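Structure, as structure tokens:
The values are calculated or read from the model by the stated rules, or taken from the named source; none is laboratory data. Every value quoted in this text rests on a predicted model; they were computed, and no experiment measured them. Glycine gets a Cβ as well: all are built from the backbone with ideal geometry, and neighbour counts include every protein chain shown. Quick note on the areas: whole protein, heavy atoms, side chains included, nothing else; ligands and nucleic acids left out. Shrake-Rupley method; radii C 1.70, N 1.55, O 1.52, S 1.80 Å.
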Amino acid sequence: MYSLTINELSKAQFLAQYWQKQPLLIKGGFKNFVDPIDAEELAGLAMEEGIESRIVTNSDGWQCANGPFEDFSTLGEEHSTLLVQAVDHWHPDAAELVEPFRFIPNWRIDDLMVSYSTPGGGVGPHIDQYDVFIIQGSGKRHWRVGQVDKSVQQFSANKGLLQVGPFTAVIDVELEPGDILYIPPNAPHEGYAIEPSLNYSIGFRAPNQTDLLSAFADHLIDHDLGQARYGDEQLTERPSRGELTGDEIARLRQLMIAAIDDDSTFLRFISESLSEPKHDKDLLPLDEPLEEHQVMDFLSDYPLLHKAGGLRSLYVKQQDAVILAVEGHSFCLPINHLETVKLLCDEQSIATHVLAMNTSCLLFRQTLATLIKEGYWFAD
């Protein structure tokens, strides 16, 4: 297990002074760092259907090719980078790299991207709209990072690559194994390999208004909600037929706001939406369906249940209930199961005897049966 050291800062101080505010070099953030994956394993993942990957080259202009790849002839001995998204979903050892960063809430963590670069390889100067921690693996990489600047404009280097122009660096450093860069949103940065090197990038979710409103509209449609209609029983005659009045605009706005203000609708939506997977996972559903009356026997056969790699799970506490959301699905349980739900969401493994203590509740047994048979939690 990796142990994170943020210089002399506590995690609380890091959040107060740096998170979403300014970049930070964390020299030796991981002591005695050993790569959890090698370049050959990474290349193997990039050959798989359903795993997002790309190769970026900059030897003769910027070129970007998307996987899956049948061969790696475009990955040259210089000026080339292979990038694979969501490696935490398919590689348990690499997934352990995410754990030290879970002082950031789970729902904000997006995925672990791993890249392999040959000397001179990189993706060019760019900005991200989200926070990222970049961990240096084997090899060395030269990084330049600027201060947060929301006025920086991106341009397309080609169809698959957005970049920015020259910027002033406040961090200009060669990273060695175990070094970490924290880069907040809208901070321009660029990194180029000095020698063949692996990098690990932990990115964070930051939905914008369009994402949320679009997803909320889809939720209303999917569940046949949001059917309240505009009404104007106090309508009076007016001089102009063409005017949309301020009062009418206010009523229309309130009609929309009322859909969001409905707690039961919004809480179900937001929990399901924020637990929605970004990538398909290599889950291990049971060959035979697990019925709720079989849960106790199943638990008695194993000491631990383990969370699938990259699984998105969160909970929302209410006055008399707790909503457990997993991979875009929600389950409403009595509030007395809150501590167990916390363990399911917070820990990678949970003792089955803890789960067994809750199985007198039919709803909990049904929920647990679903989680296990879908492969969200598994026993070995």
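The residues on offer are Asp93, Asp88, and the sole one that is surrounded by 20 or more Cβ atoms within 10 Å (Cβ to Cβ), acidic (Asp, Glu) and in contact (Cβ under 8 Å) with a residue 24 or more places away in the chain is Asp88. Scanning region 149-166 for residues that are surrounded by 17 or more Cβ atoms within 10 Å (Cβ to Cβ) and in contact (Cβ under 8 Å) with a residue 40 or more places away in the chain yields a count of 3. Taken over region 167-187, the criterion of being buried (at least 19 other Cβ atoms within 10 Å of the Cβ) and under 12 Å from Val132 (Cα atoms) is satisfied by Ile180, Leu181, Tyr182, Ile183, Pro184, Ala187. Each residue in region 65-104 was checked for being in a loop (DSSP other than H, G, I, E, B) and not hydroxyl-bearing (Ser, Thr, Tyr), and 18 pass.
Against the list (1) in a helix (DSSP H, G or I); (2) more than 21 Å from Val316 (Cα to Cα); (3) open to solvent by 70 Å² or more (accessible area, probe 1.4 Å), the condition Ala250 fails is (3). Inspect region 126-138 for any residue being at pLDDT 95 or above, assigned to a strand (DSSP E or B) and of a type in the set (Phe, Trp, Tyr) and give the result as yes or no. Among the residues of region 126-138, at least one is at pLDDT 95 or above, assigned to a strand (DSSP E or B) and of a type in the set (Phe, Trp, Tyr), which makes the answer yes. Please verify whether Phe72 is among the hydrophobic types (A, V, I, L, M, F, W, C), open to solvent by 20 Å² or more (accessible area, probe 1.4 Å) and either closer than 21 Å to Glu195 by Cα or modelled with pLDDT under 95 (or both), treating the condition exactly as stated. Yes, satisfied. For region 50-64, the set of residues classified as assigned to a loop (DSSP other than H, G, I, E, B) and either of a type outside the set (Ser, Thr, Tyr) or buried (at least 21 other Cβ atoms within 10 Å of the Cβ) (or both) consists of Gly50, Ile51, Glu52, Asn58, Asp60, Gly61, Trp62, listed by residue number.
For Phe204, are the conditions met, namely being hydrophobic (A, V, I, L, M, F, W, C) and farther than 30 Å from Thr5 by Cβ?
The answer is no for Phe204.
Checked against (1) without any contact (Cβ under 8 Å) to a residue 60 or more places away in the chain; (2) surrounded by 15 or more Cβ atoms within 10 Å (Cβ to Cβ); (3) part of a loop (DSSP other than H, G, I, E, B), Glu41 passes all but a single condition, namely (3). The residues of region 1-36 that are over 20 Å from Gly139 (Cα atoms) and assigned to a strand (DSSP E or B) amount to a single one, Leu24.
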